[in-house]
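The values are calculated or read from the model by the stated rules, or taken from the named source; none is laboratory data. Not measured: the values here are computed from a predicted model. Counting neighbours? That spans all protein chains shown, and the Cβs are built from the backbone with ideal geometry, glycine included.
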């Protein structure tokens, strides 16, 4: 049995959310099912680079181009993109923010929208990473809900050498510095937090980053704001260990992986009451209106002044994060394959 998967975004040490998902699903399936033959498929611009990665013993490398690879038993597009028709096709949809808001350039929006529509049409079954994303796929792409399966992400495990927490008066944000992540309002809300606290922004620059950077430069608290850019895993673990509050007031998320990371590491969370974030956080976060600076400010003030609230959210977060695992995601993905293969 040959199962081909789009492994394009699984390469390199600095993985995006889609990259983390791709790596976990690819390697998790290969480990769990040694009886199957997995084809790790890479688009031309990353195919040569892929040779620097070792593959599992029951996996091989293929070029992903037009109708290649030929005739696998099943093809899985891990990033809502299907460029050819296969005998059996699964695609994973992570989000559809390009269809719901002004969070990208017109060219990117047009290209991404066309790819999403084509993937929806060509897929026999669709995996959505949240019920929210499933609803968007149904409503925005007119997909029959009978073709959609919801499989949430897993929690990134703590490193075995993790040090004990040494909490500081730090509010941590992890994510791209871009318009969709609502960093400008987060900075404005932070200005209402008592002196002594600092805001640390960890993430690469994206669409609208210049707006956030300009707002930080004008802020009366700019000396208390650190913009770190992309942070490698080891340094990120240190930030989670030191932070006392995790702020993630995004305007639109298909899932929100950093929420699970923060909960699993014992950091109390403030996040948005829209899109997939309430679904992921459950009762383990303080939910605020991300479009309202006053709501954000009040939420940050509560978390920075109420130690009992922080302690309660920590315990709820540890319990909540334990409900999400990559092993479970891999198992449910395999079950989707079996629906088509049977």
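For residue 257, the criteria (1) buried (at least 17 other Cβ atoms within 10 Å of the Cβ); (2) in the same structural domain as residue 91 (by TED's automatic domain parsing); (3) out of contact with any strand residue (DSSP E or B) (no Cβ under 8 Å at 6 or more places or on another chain) hold in every case but one, which is (2).
To keep it simple, each residue is scored yes or no on (1) under 19 Å from residue 341 (Cβ atoms); (2) assigned to a loop (DSSP other than H, G, I, E, B); (3) free of Cβ contacts under 8 Å to residues at least 24 places away in the same chain.
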| site | (1), (2), (3) |
| --- | --- |
| 50 | no, no, no |
| 56 | no, yes, no |
| 98 | no, no, yes |
| 113 | no, no, yes |
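The set of residues in the stretch 267-283 being buried (at least 24 other Cβ atoms within 10 Å of the Cβ), more than 13 Å from residue 165 (Cβ to Cβ) and touching a strand residue (DSSP E or B) at 6+ places or on another chain (Cβ under 9 Å) consists of 269, 270, 271, 272, 277, 280, 281. Of all residues in the stretch 6-25, those that are free of Cβ contacts under 8 Å to residues at least 12 places away in the same chain have Cβ atoms under 8 Å from Cβ atoms of residues that are part of a loop (DSSP other than H, G, I, E, B), 6 or more apart or on another chain, in 19/11; 19/12. Taking the numbered list (1) in contact with a helix residue (DSSP H, G or I) (Cβ under 6 Å, 6 or more places away or on another chain); (2) crowded, with 17+ Cβ neighbours inside 10 Å; (3) outside any loop (DSSP other than H, G, I, E, B); (4) in contact (Cβ under 8 Å) with a residue 24 or more places away in the chain in turn, residue 75 passes all entries but (1).
Selection of first residues in the stretch 204-227 that are under 12 Å from residue 188 (Cα atoms) and of second residues that are assigned to a strand (DSSP E or B) and modelled with pLDDT of 95 or more, restricted to Cβ pairs under 6 Å at least 6 apart or on distinct chains, gives the following pairs, ordered by first then second residue: 212/177; 216/225; 225/199. When the stretch 21-53 is limited to residues that are over 21 Å from residue 70 (Cα atoms) and at pLDDT below 95, the one that is surrounded by the most Cβ atoms within 10 Å (Cβ to Cβ) turns out to be 53.
Yes or no: the stretch 157-178 includes at least one residue that is in the same structural domain as residue 297 (by TED's automatic domain parsing), over 21 Å from residue 267 (Cα atoms), surrounded by 15 or more Cβ atoms within 10 Å (Cβ to Cβ) and touching a residue at least 40 places away in the same chain (Cβ under 8 Å). Checked the stretch 157-178: at least one residue is in the same structural domain as residue 297 (by TED's automatic domain parsing), over 21 Å from residue 267 (Cα atoms), surrounded by 15 or more Cβ atoms within 10 Å (Cβ to Cβ) and touching a residue at least 40 places away in the same chain (Cβ under 8 Å). Any residue at all in the stretch 287-301 that is surrounded by 14 or more Cβ atoms within 10 Å (Cβ to Cβ), under 17 Å from residue 154 (Cα atoms) and touching a helix residue (DSSP H, G or I) at 6+ places or on another chain (Cβ under 6 Å)? Looking through the stretch 287-301, none of the residues is surrounded by 14 or more Cβ atoms within 10 Å (Cβ to Cβ), under 17 Å from residue 154 (Cα atoms) and touching a helix residue (DSSP H, G or I) at 6+ places or on another chain (Cβ under 6 Å). Based on this model, can you work out whether residue 264 counts as under 24 Å from residue 95 (Cα atoms), buried (at least 21 other Cβ atoms within 10 Å of the Cβ) and touching a helix residue (DSSP H, G or I) at 6+ places or on another chain (Cβ under 8 Å)? No: the conditions fail for residue 264. Here residue 92 meets the list (1) surrounded by fewer than 19 Cβ atoms within 10 Å (Cβ to Cβ); (2) touching a residue at least 40 places away in the same chain (Cβ under 8 Å) almost entirely, failing just condition (1). Picking from 124, 76, which residue would you name as being assigned by TED's automatic domain parsing to the domain that holds residue 17 and within 21 Å of the chain's Cα centre (by Cα)? Exactly one of 124, 76 is assigned by TED's automatic domain parsing to the domain that holds residue 17 and within 21 Å of the chain's Cα centre (by Cα), namely 76. Going through (1) touching a residue at least 12 places away in the same chain (Cβ under 8 Å); (2) surrounded by fewer than 18 Cβ atoms within 10 Å (Cβ to Cβ); (3) within 26 Å of residue 322 (Cβ to Cβ) one by one, residue 188 falls short only on (3).
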